[in-house]
Amino acid sequence: MLSNDILNALKSYTQNMTQKVSLVLQTGEHSKRAELTEFLTQVCSVSDNLELIERNENLRSPITFYLEVEGKRNGIYFSGIPSGHEFNSLILAILQSSGTALKLDKNLIGMVEKITDKLHFEVFISLSCHNCPDVVQSLNQFALLNENISTEMIDGGLFQTIVDERNIQGVPSVYLNGELFANGKIDTAQLVDKLIERYPAIVNSDNAETLPLQDVTVIGAGPAGVASAIYAARKGLNVTMIADRIGGQVKDTVGIENLISVPKTTGTELTGNMQAHMADYDITIKEFLRVEKIEKGQNKTLHLSSGEVIESKTVIITTGAKWRELGVPGEKENIGSGVAYCPHCDGPFFKGKDVAVVGGGNSGIEAALDLAGMVNHVTVFEFLPELKADSVLVDKAIANDKISIIKNVATKEIIAENGSVVGLAYQDRATGEILQCDLSGVFVQIGLVPNSEFLNGLVERTQYGEVIIDEKCQTTEPGIFAAGDVTTVPYKQIVVAMGEGSKASLAAFDYLIRES
């Protein structure tokens, strides 16, 4: 199952393991058990510090296993074969269990360690989901930090009965002690927010690590944020980056073919390359945290979700954008139960079913083409009389028998019965007639909205929430700069964001020279 190249790479990764890690597999019969056993046997073959043990532990299934370190469970479980995007989750769990340092902010570590309740997370994933590994890997680290926490990755494709019982139609879907905790388009920062909401006492600003006065603090870690941080660090400045996740929207992008000098790459690869580039510089990175508010002044005061307060001479806002919601009845109520925003992640849950894509721009038509390879039929709903997507995409969609396109219509309601989406109500904008389309899923692809809510009253924004900037990325507040998709800069592209981020950092450097 694993190529020689992968096995040789694993041998290199596991050379520094300091503790023995056992993969304990539940005994029993299952159609996938032989495949899983072979997979785990190959993984364990790369190091004397790895072993596969088969034991009756009354686990979920004969394809469930857990990690045991020096004879003790460490709270990390896998149900299914962690291949595909989850392969890294398994390897990181093994390495971190054996002593590899966790790359988490010290304040976040302190918060997780304070939890005293017994927490068992179940993370339902799809092996095609690009977002799922982030959640799995973060909860694995939480389990390593606190013996009261355990977590289990569950491949929804192999546990259809449980998926049906819980009516799961989107991933990642996270359950805590048997109750739904978070689902749909979620990330680690949102999980941390939910833990803080549940256990507010874990946030203690008195115990938070205090950084010295920073020259530049970058908020956001997409292409614009990474470029800003690197350019500032190259100037010898004290730089801190605060982000809910490294990569931002880019991490969810499957194929990238318009980044000049890089003919083809993926969002995952580009994110890894950006992280590696930042690692060459002295940049303090605080991931999985949010900036709740910024106070004005000669130095800016940033209040973080961890309770930490950071003083910085300048701030560069690169928080990007998120999927725009329809804002119609039935949308929010059914996220993860038929309403989705990522066709790559959630498309496999609708195999053989009829779905809708709302939005006829490039992202909408690309989603329809992607989904057509998985589902029974796709209907595209476009508000305008004509599609906005590039003609090459439109031509492909029109030529596909599994795609229908309805134009000049307004989505009015997403209809659900017994917790599942069953239809979409829409209005013909020419006649005013209200019609209904029976379907099982709705994928919303109507553009982006800037992540700028936390800036209320701080800097001037447009009616759409975009931060207004000048040619040097300066906002209306001296010392605060902005770059990328969160701003008024036209053309929301990776290469544009990188250039704008670099420009914002150079402008911040000029500002510091003038103000010093």
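The values are calculated or read from the model by the stated rules, or taken from the named source; none is laboratory data. Remember, it's a predicted structure, so these values are computed and weren't measured experimentally. Note that we place each Cβ from the backbone using ideal geometry, even for glycine, and neighbour counts take in every protein chain shown. Just the protein is used for accessible areas: all its heavy atoms, side chains included, with ligands, DNA and RNA removed. Shrake-Rupley method; radii C 1.70, N 1.55, O 1.52, S 1.80 Å.
Sorted from largest down, give the three principal axis spans of the alpha carbons of the stretch 1-73, whole angstrom values.
Principal-axis extents of the stretch 1-73 (Cα, largest first): 34, 28, 13 Å.
Do me a favour and compute the ellipsoid semi-axes for the stretch 113-189 from its Cα gyration tensor, root of five times each eigenvalue, largest one first, whole Å.
Computed over the stretch 113-189, the values are 21, 14, 10 Å.
Order 117, 252 by their accessible area, 1.4 angstrom probe, all chains in place, largest first.
Listed by decreasing accessible area, they come as 117, 252.
I'd like to verify something in the chain: which complete DSSP H helices, judged by Cα projection on the helix axis, reach 24 Å or more and average at least 0.5 on the Kyte-Doolittle scale?
494-515
Compute the projected area of the convex hull of the Cα atoms of the stretch 233-388, averaged over all viewing directions, and report it in nm² to one decimal place.
Spelled out: convex hull of the Cα atoms, projected over all directions, averaged, 13.2 nm².
Quick one: divide the alpha-carbon radius of gyration of the stretch 321-410 by 2.2 N^0.38 Å and tell me what you get.
For the stretch 321-410, the normalised Cα radius of gyration is 1.03.
What is the log10 of I(q)/I(0) for the stretch 466-516, computed with the Debye formula using one identical point scatterer on each Cα and no solvent, at q = 0.20, 0.22 Å⁻¹?
Debye curve over Cα of the stretch 466-516, log10 I(q)/I(0) at q = 0.20, 0.22 Å⁻¹: -0.60, -0.71.
Sum up the charges of everything whose Cβ sits under 13 Å from the Cβ of residue 139, counting Lys and Arg as +1 and Asp and Glu as -1, but leave residue 139 out.
My count for the surroundings of residue 139 gives -4.
Simple spin-label model, 7 Å along Cα-to-Cβ: residue 390 to residue 5 in nm?
A separation of 2.7 nm, rounded to one decimal place.
Percent antiparallel among DSSP beta bridges with both residues in the stretch 158-256, to the nearest 5?
So the antiparallel bridges amount to about 50 percent of the total.
Give me the lysines in straight-line cross-link reach of residue 264: C-alpha distance below 20 Å, same-chain residues under 8 apart excluded.
251, 492
Can you give the translational diffusion coefficient of the stretch 1-145 in µm²/s, computed by Stokes-Einstein from the Kirkwood radius over Cα pairs at 25 °C and 0.890 mPa s?
Calculated translational D: 155 µm²/s.
Provide the solvent-accessible area of residue 73, counting protein heavy atoms only and rolling a 1.4 Å probe, rounded to the nearest 10 Å².
100
Taking 4 °C and 1.567 mPa s as the conditions, I'd like the Stokes-Einstein D for the stretch 59-191 in µm²/s, using the Kirkwood hydrodynamic radius from alpha carbon pairs.
For these conditions, the coefficient is 87 µm²/s.
Over the chain, what relative contact order in percent results from Cα pairs under 8 Å that are six or more residues apart?
Relative contact order here is 12 percent.
Of all DSSP beta bridges in the chain, what percent run antiparallel (nearest 5)?
45
Over the residues of the stretch 196-308, compute the C-alpha Rg and express it relative to 2.2 N^0.38 Å.
1.20
If you place +1 on the Cβ of every Lys and Arg and -1 on the Cβ of every Asp and Glu, how big does the dipole about the Cα centre of the chain come out, in debye to the nearest 20?
Using Cβ point charges on Lys, Arg, Asp and Glu, the chain gives about 540 debye.
Whole-Hz Karplus ³J(HN,Hα) for the stretch 15-22, in order, using 6.51 cos²θ - 1.76 cosθ + 1.60 and θ = phi - 60°, x for Gly and Pro?
3J(HN,Hα) across the stretch 15-22, in whole Hz: 4, 9, 4, 10, 10, 7, 10, 9.
Ranked from the most accessible area to the least, with a 1.4 Å probe and all protein chains present, what is the order of 60, 33, 234?
Result, largest first: 234, 60, 33.
What accessible surface, in Å², does a 1.4 Å probe find on residue 116, ignoring ligands, DNA and RNA and rounding to the nearest 10?
Accessible surface of residue 116 is approximately 110 Å².
When all protein chains stay in place, what accessible area (Å², nearest 10, 1.4 Å probe) is found for residue 35?
70
May I have the convex hull volume per residue, in Å³, for the Cα set of the chain?
Spread over its residues, the Cα hull of the chain gives 164 Å³ apiece.
Give me the distance in nm between label points sitting 7 Å out from Cα along the Cα-to-Cβ direction at residue 436 and residue 18, one decimal.
6.3
Using alpha carbon centroids, what distance separates the stretch 90-156 and the stretch 431-458, in Å?
32
Mind checking which aspartates and glutamates have their C-alpha under 13 Å from residue 313, skipping anything on the same chain fewer than 8 residues away?
Excluding near neighbours in sequence, the set is 215, 295, 477, 510, 515.
Sum -39500 (n - 2.57) across every DSSP H segment of at least 4 residues in the chain, then divide by the residue count to get the 222 nm mean residue ellipticity, nearest 500.
-8000 deg cm²/dmol
Using only the heavy atoms of the protein chains and a 1.4 Å probe, how would 353, 396 rank by accessible area, largest first?
Highest to lowest solvent-accessible surface, that is 396, 353.
Once Rh is set to the Kirkwood radius over Cα pairs, what Stokes-Einstein translational diffusion coefficient, in µm²/s, holds for the stretch 301-366 at a temperature of 10 °C and a viscosity of 1.306 mPa s?
Translational D for this selection: 101 µm²/s.
Quick test of your reading: applying the under-4.7 Å Cβ rule, which cysteines of the chain are isolated?
Cys with no partner Cβ under 4.7 Å: 44, 437, 473.
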